[in-house]
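Report on one structure; see the data block that follows.
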Amino acid sequence: MREHRKDFEPIFTKEAPLDRMGFTWLIVAAIATIVLWQLPAGDYILYPFSILATWFHEMGHGLMALLLGGNFQQLQIFPDGSGVATYSYSGGFLLGPLGRALVAAAGPMGPPIAGAALILASRNFNTTTWILKILGGFLMLSALIWVRSPFGLVAIPLLGFVILGVSLKAPRWVQEFGIQFLGVQACVSTYHQLNYLFSYGAGYLGLSDTAQIQQELFLPYWFWGALMAIASLVILVQSLRIAYRPT
């Protein structure tokens, strides 16, 4: 029995540092992302991830509207990284005011929730590969069904093609780190739109998402903005804790 244990000792001592190293790199990437957003060149460096986060945001609105009995009509994504989801609820959303508030909240919470799902999928390599395939395929499918802006019709399928290619051709370590990196980027994207979360208006679109929640649930928009900012951080931390929990 002693000889059998000795045979396995090197395996455990080698793998633990690698796990810690991957976790460290993810934290460094999250901090670097937040810092880069404060620099003039940051938006250009992180541009693909900003477009993906916008897609998560707008798809969150649209899919929640569908779940609550509305109609997800179209999705537009523009070169500046902004987007608009158009939906209707002529018959009224399920749950009434709460349903309308959930549709509004599903946009800002879409990226962190999607990010957590990506991070958690990294615990198992088969799950990692399948989730990357599903994400890549769904990006392409969404372009066929909902995306209607010229820029979005190019950018969204291209992102889907790249992610699908990673799932099919990239080595295992690239897929595992890549899905975690995408997840972290999605979660921290909340802090790229902090001004929006704490704004009452949204330009020509009218009310911001948090202001729409205020209309339905009465508490001030800044309360909902703060709540979603905190929730995004908690979701990121908890998903990383679970992903790196020893099996």
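Structure notes:
- All of (1) open to solvent by less than 10 Å² (accessible area, probe 1.4 Å); (2) in contact with a Leu (Cβ under 8 Å, 6 or more places away or on another chain); (3) aliphatic (A, V, I, L, M) hold for L102 with one exception: (1).
- Residues satisfying the stated conditions in the range 191-243, i.e. in contact with a strand residue (DSSP E or B) (Cβ under 8 Å, 6 or more places away or on another chain) and assigned to a helix (DSSP H, G or I): L205, A211, Q215
- For the range 18-42, the set of residues classified as in a helix (DSSP H, G or I) and either at pLDDT 85 or above or within 17 Å of the chain's Cα centre (by Cα) (or both) consists of L26, I27, A29, A30, I31, T33, I34, listed by residue number.
- Leading residue by the ranking (surrounded by the most Cβ atoms within 10 Å (Cβ to Cβ)) among those in the range 77-96 that are touching a helix residue (DSSP H, G or I) at 6+ places or on another chain (Cβ under 6 Å) and outside any loop (DSSP other than H, G, I, E, B): I77
- Residue in the range 144-153 that is closer than 19 Å to P48 by Cα, crowded, with 17+ Cβ neighbours inside 10 Å and without any contact (Cβ under 8 Å) to a residue 60 or more places away in the chain present: no
- Failed item in (1) open to solvent by 20 Å² or more (accessible area, probe 1.4 Å); (2) modelled with pLDDT of 95 or more, with G225 passing the rest: (1)
- Among residues of the range 159-217, those that are among the hydrophobic types (A, V, I, L, M, F, W, C), open to solvent by less than 30 Å² (accessible area, probe 1.4 Å) and either in contact (Cβ under 8 Å) with a residue 24 or more places away in the chain or farther than 29 Å from S122 by Cβ (or both), counted: 11
- Residue within the range 65-74 that is of a type outside the set (D, E, K, R) and surrounded by 23 or more Cβ atoms within 10 Å (Cβ to Cβ) present: yes
- Residues of the range 86-113 classified as touching a residue at least 60 places away in the same chain (Cβ under 8 Å) and of a type outside the set (V, I, T), total: 11
The values are calculated or read from the model by the stated rules, or taken from the named source; none is laboratory data. Here the structure is a predicted model, which means the values were calculated and not measured. Cβ: placed from backbone, ideal geometry, glycine included. Neighbour counts: every protein chain shown. Ligands, DNA and RNA are stripped out before the accessible areas are found, and what is left, the full protein with its side chains, is counted by its heavy atoms. Shrake-Rupley method; radii C 1.70, N 1.55, O 1.52, S 1.80 Å.
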